[in-house]
Amino acid sequence: MKAIVCDKPFSIGIEDRPAPVRKPGEVMIRIRRVGLCGTDYHIFSGNQPFLAYPRVMGHELAGEVAEVDAGAPLQIGQLVTINPYIPCGTCVACRKQKPNCCVNIKVLGVHVDGGMTEFICVPAHAVIAVDGLSPDQAAMVEFLSVGAHAVRRGQVTKADRALVVGAGPIGVGVALFCTFAGAAVTLIDTSQERLAYARDKVGIEHVKQVGEELQAFLEARSDGEYFDVVFDATGNGKAIEKGFSYVAHGGRYVLVSVVKDTIAFSDPEFHKRETTLLGSRNATREDFEYVIENLRSGAIPSDMLRTHNFDLMDTPTMIKDLIANQGSVLKAIATF
Ligand SMILES: [Zn+2]
Ligand SMILES: [Zn+2]
């Protein structure tokens, strides 16, 4: 079978590999769609520190059940998505029902080979049926779940003025789910192109580009009190540090994006607000189910989230274009 293999940074190609052999308790899936995101771009560019090459990328997956244990609830041919965060089941986080931050987590397409291939075998608990969704929608469940998880972490309600910093795919997802929770949402970014897309195509009404007028805009949006809950989805250490100052007294700050830097903040500013600082990592099955429900109902404008699509076998050439044009790429999905 064909697999897209990144054998070292900036080197990616198509390989012929033997098809996997399914073990009992696993499901074999024929891959139909693979969404690409910043993680894949980082793997390709060699910016993923804990990754051994060669690696088959792909963690935003949709496919059809090809082989499954007799008596399992899944049917051959059924459309599914995969929760790519494979937990150990026994560590301190797993024992607290937080498999998304498992000590020994294996993420498909990062720590172990992922879905840019014809067939993949995964544990049955990682497979989620998505009846009623299109294959493209099924491939969007994972990245949207990361945003849904962050909003759940932030315990957003209709009483909240929420600020989302970063209008990439994760930030746009966070802004959407804050809207669903009833919050008054403001979305900011350095890219006017991304903001215009989020406003005109996805329906996030209140957006503002980072610049001289930003402060006055944020004060007007919050009666000068700043925001009950702030989300960082920038992947930028300086932006994360700046975000502390956008939190209202008594507010929460949820860090969704990950940076390699050390983050510093003023303790008096942090303390006088009694800031609640939260990390948000990956997502759980509960978040996946919530996203699937909202895709099924049409609440999530999924047609607008996908900005690029291409044949999976063209990934080796496409990935460079996608990285070069990140400003205009919200979500790229490869078809197989
Ligand atoms: Zn992703
Ligand atoms: Zn664990």
- [ ] Using only alpha carbon positions, build the gyration tensor of the stretch 1-159, then give the equivalent ellipsoid semi-axes as the square roots of 5 times its eigenvalues, largest first, whole angstrom.
- [x] 24, 22, 16
Task: Cα-projected label distance for Glu293 with Arg95, points at 7 Å along beta-carbon direction, nm - done: 3.1
TODO: Could you go through the stretch 289-295 in sequence order and give the Karplus-derived ³J(HN,Hα) for each residue, using 6.51 cos²θ - 1.76 cosθ + 1.60 with θ = phi - 60°, rounded to whole Hz, and x for Gly and Pro?
DONE: 5, 4, 5, 4, 4, 6, 6
Task: Descending semi-axes in whole angstrom, ellipsoid equivalent of the stretch 155-279, from the Cα gyration tensor - done: 21, 16, 14
TODO: Output the peptides 138-146, 216-224, 176-184 sorted from most to least packed, where packing is the average of other Cβ atoms within 10 Å over each peptide's residues.
DONE: 138-146, 176-184, 216-224
TODO: Could you pull out which residues in the stretch 322-336 have an amide N less than 19 Å from a spot 7 Å beyond the Cα of Arg199, following the Cα-Cβ vector?
DONE: 327-330
Open item on the list: Using all alpha carbons of the chain, what is the percent of pairwise distances in each 20 Å bin, ordered from the shortest bin to the longest?
Closed with: 31, 58, 11, 0
Open item on the list: With Kirkwood's inverse mean 1/r over C-alpha pairs for Rh, give me the Rg to Rh ratio of the stretch 126-168, two decimals please.
Closed with: 1.08
Open item on the list: Just want to confirm a number: the relative contact order over the chain, from Cα pairs under 8 angstrom separated by 6+ residues, in percent.
Closed with: 18
Open item on the list: Quick check: Cα centre of the stretch 292-333 to Cα centre of the stretch 259-289, how many Å?
Closed with: 27
TODO: Based solely on C-alpha atoms, express the radius of gyration and the Dmax of the stretch 55-96 in angstrom.
DONE: 13.8, 37
Open item on the list: Show me, for the stretch 255-272, the HN-Hα J-couplings you get by feeding each phi into the Karplus relation (A = 6.51, B = -1.76, C = 1.60, θ = phi - 60°), rounded to Hz, glycine and proline as x.
Closed with: 9, 9, 7, 10, 10, 7, 6, 8, 9, 10, 8, 6, 5, x, 5, 5, 6, 5
Task: Computed helical MRE - 222 nm, the chain, DSSP H runs ≥ 4 contributing -39500 (n - 2.57), nearest 500 - done: -8000 deg cm²/dmol
Open item on the list: How big is the dipole moment of the chain about its Cα centre under a simple scheme where the beta carbon of each Lys and Arg is +1, that of each Asp and Glu is -1, and everything else is neutral? Debye, nearest 20, please.
Closed with: 600
Task: For the chain, built as a Gaussian network whose Cα springs stay under 10 Å, the top-fluctuating residue of His111, His149, His59 - done: His111
Task: the stretch 108-205: translational diffusion in µm²/s, Stokes-Einstein, Kirkwood Rh over Cα pairs, 4 °C, 1.567 mPa s - done: 85
Open item on the list: Between Glu212 and Lys320, how high is the FRET efficiency from 1/(1 + (r/R0)^6) when r is the Cβ-Cβ distance and R₀ = 41 Å? Nearest 0.05.
Closed with: 0.75
Open item on the list: Of Tyr246, Gly279, Gln215, which is farthest towards the positive pole of the stretch 155-279's charge dipole, taken about the Cα centre with +1 and -1 on the beta-carbons of Lys, Arg and Asp, Glu respectively?
Closed with: Gly279
Task: Cβ charges +1 (Lys, Arg) and -1 (Asp, Glu), total dipole of the stretch 155-279, debye - done: 300
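Just so you know, all these numbers are worked out from the coordinates, no wet-lab data involved. Please read these numbers as outputs of a predicted model, since none were measured by experiment. Counting neighbours? That spans all protein chains shown, and the Cβs are built from the backbone with ideal geometry, glycine included.
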